[in-house]
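Structure first, then comments.
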Amino acid sequence: MNPEPELSMSRDSLDRTTATTHKRAAELEELLIDAEADDEQAQQSHPLVRRPWLLLLGLILVALNLRPALSSMAPLLSDVSKSLGLSAAQAGLLTTLPVLCLGLFAPLAPVLARRFGAERVVLGILLTLAGGIVLRSSFGQFGLFAGSILAGASIGVIGVLLPGIVKRDFAKHAGAMTGVYTMALCLGAAMAAGATVPLSQHLGGSWALGLGFWVAPALLAAMFWLPQVGQKHGAHQVAYRVRGLLRDPLAWQVTLYMGLQSSLAYIVFGWLPSILIGRGLSPTEAGLVLSGSVIVQLISSLSAPWLATRGKDQRLAIVVVMLMTLGGLFGCLYAPIDGLWGWAILLGLGQGATFSLALTLIVLRSRDAHVAANLSGMAQGFGYTLASLGPFAVGLVHDLTGGWSALGWIFGVIGLGAIIAGIGAGRALYVGVVSERVTESH
């Protein structure tokens, strides 16, 4: 298959694209892709925020809740499996379902936002997230799986909507808000990974109470978000259509890179503590290692996009950060346990950079915000669906082999695939589609 888009760029066009890479670096605030970017009226309407501090606090609290439902399960996965009699394959399915829902439910976000308004949808979905957290900790095996699905679906919807709200309401500070948004994601994941086991021990040794605790931050975020529901942002009147992305090889390379690097990330979220417990760590120690690795992601997730846009393209950066990720994974799996924290730090630096580069590629490979919004939806929808296969494969292989050593093959195959897709996606090209203005509607 020809790896170039149907509308490949001429040599002169490629040169011009390379020459503008540094200029695009200054536009990385567009990492916050608006789910409503196909509506010109929504993009041009910026309401007067009477209490910006309250909006900022609400945004931070909402972002903090986008990872705890995922990372809180991993340190307790062994206890949950023993309590409910889950096999390793069933435990793998438990870690897979929320990630699968991230991809399956992401396309609903723009539809819901246009119908009800983004702020109202975020409030409602925060409540469904809280319901999912309660459900998975209350009704045995059925509640565990059903609640995980509901929580994953909720995170999938909010994860698409929240960046657009940030970009719209903090347009002049979107670059700084990108850092705040990323920081909140990492802090939420790290807190849940490190605190869930101690919380469950403090609450009488119940894993259900440890998992259920995270309903409190979700309800707190909903309370502080409630004042935003009444904001008016104008009617959506002028729409844009982007066609042909599914036939564009470059768009698929961006999507595959997003999905494969996410697969490694959610393997870490879902299984790293179990792997480390199998190597002799206590659940509390394993959770702290995961928490520390996630915290370190703050450094590289904020710096990697800026560094990657200093060169003519992003291919070298993609290879380097993926090799760092693989090095950290193999170190956590095979290296002497005395050096574990060093490998965990390397893993965190690599994974923070791979995720932020995946977001960067969506912007750099798009000609305008409308194309970027659609490419973002494609990358998240298909990418997270693909990513869900990784945690399931880990559970299946562990079930078949009874150990963890064979997981190196899974890490290697996924990492090699991410490098191949990333080399294609990292070229200084645009996807071969353009946005088209369509007729006005109410």
Complete set of residues in segment 97-130 that are within 19 Å of the chain's Cα centre (by Cα) and not in a helix (DSSP H, G or I) | Ala106, Pro107
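Tell me the residue from Trp404, Trp409, Trp341, Trp306 that is surrounded by fewer than 22 Cβ atoms within 10 Å (Cβ to Cβ) and farther than 30 Å from Glu285 by Cβ, please.
Trp306
Here is a yes/no grid of residues against (1) surrounded by fewer than 24 Cβ atoms within 10 Å (Cβ to Cβ); (2) farther than 14 Å from Ile337 by Cα; (3) of a type in the set (A, V, I, L, M); (4) free of Cβ contacts under 8 Å to residues at least 24 places away in the same chain:
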{"position": "Arg243", "(1), (2), (3), (4)": "yes, yes, no, no"}
{"position": "Gly278", "(1), (2), (3), (4)": "yes, no, no, no"}
{"position": "Thr284", "(1), (2), (3), (4)": "yes, yes, no, no"}
{"position": "Gly292", "(1), (2), (3), (4)": "yes, yes, no, no"}
{"position": "Leu298", "(1), (2), (3), (4)": "yes, yes, yes, no"}
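Test Ile318 against the criterion of being crowded, with 22+ Cβ neighbours inside 10 Å and either of a type in the set (A, V, I, L, M) or more than 17 Å from Leu407 (Cα to Cα) (or both), and give yes or no.
Details: crowded, with 22+ Cβ neighbours inside 10 Å: yes; either of a type in the set (A, V, I, L, M) or more than 17 Å from Leu407 (Cα to Cα) (or both): yes.
Spelling it out, Ile318 is indeed crowded, with 22+ Cβ neighbours inside 10 Å and either of a type in the set (A, V, I, L, M) or more than 17 Å from Leu407 (Cα to Cα) (or both).
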Would you mind stating whether Ala353 is buried (at least 19 other Cβ atoms within 10 Å of the Cβ), under 19 Å from Val160 (Cα atoms), touching a helix residue (DSSP H, G or I) at 6+ places or on another chain (Cβ under 7 Å) and not β-branched (Val, Ile, Thr)?
-> no
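Can you tell me which residue in segment 136-145 is surrounded by the fewest Cβ atoms within 10 Å (Cβ to Cβ), limited to those that are among the hydrophobic types (A, V, I, L, M, F, W, C) and part of a helix (DSSP H, G or I)?
In the first step, residues of segment 136-145 are kept if they are among the hydrophobic types (A, V, I, L, M, F, W, C); the result is 139, 142, 144-145.
Retained after the next criterion (residues that are part of a helix (DSSP H, G or I)): 142, 144-145.
Details: Phe142: 10, Leu144: 23, Phe145: 18.
Per the stated criteria, the residue is Phe142.
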Take the residues of segment 367-386 that are buried (at least 24 other Cβ atoms within 10 Å of the Cβ) and within 19 Å of Ile423 (Cβ to Cβ): which is farthest from the chain's Cα centre (by Cα)?
-> Leu375
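Of the residues Ile133, Ile158, which single one is in a helix (DSSP H, G or I) and closer than 26 Å to Phe382 by Cβ? Give the derivation first.
Values: Ile133 fails: closer than 26 Å to Phe382 by Cβ.
Sole residue among the options that is in a helix (DSSP H, G or I) and closer than 26 Å to Phe382 by Cβ: Ile158.
For every residue, the table says whether it meets (1) among the β-branched types (Val, Ile, Thr); (2) assigned to a helix (DSSP H, G or I); (3) surrounded by 16 or more Cβ atoms within 10 Å (Cβ to Cβ); (4) at pLDDT 90 or above.
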residue	(1), (2), (3), (4)
Gly147	no, yes, yes, yes
Ser154	no, yes, yes, yes
Arg168	no, yes, yes, no
Ala174	no, yes, yes, no
Met177	no, yes, yes, no
Cys186	no, yes, yes, no
Met223	no, yes, no, yes
Ala235	no, no, no, no
Among (1) without any contact (Cβ under 8 Å) to a residue 24 or more places away in the chain; (2) assigned to a helix (DSSP H, G or I), which single condition is Gly205 missing?
-> (2)
Determine if segment 121-131 includes at least one residue that is surrounded by fewer than 24 Cβ atoms within 10 Å (Cβ to Cβ) and touching a Gly at 6+ places or on another chain (Cβ under 7 Å).
-> no
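The values are calculated or read from the model by the stated rules, or taken from the named source; none is laboratory data. Computed from a prediction, not measured in an experiment: that's the story for all the values here. Cβ coordinates were reconstructed from backbone atoms using ideal geometry, including for glycine residues, and neighbour counts include every protein chain displayed.
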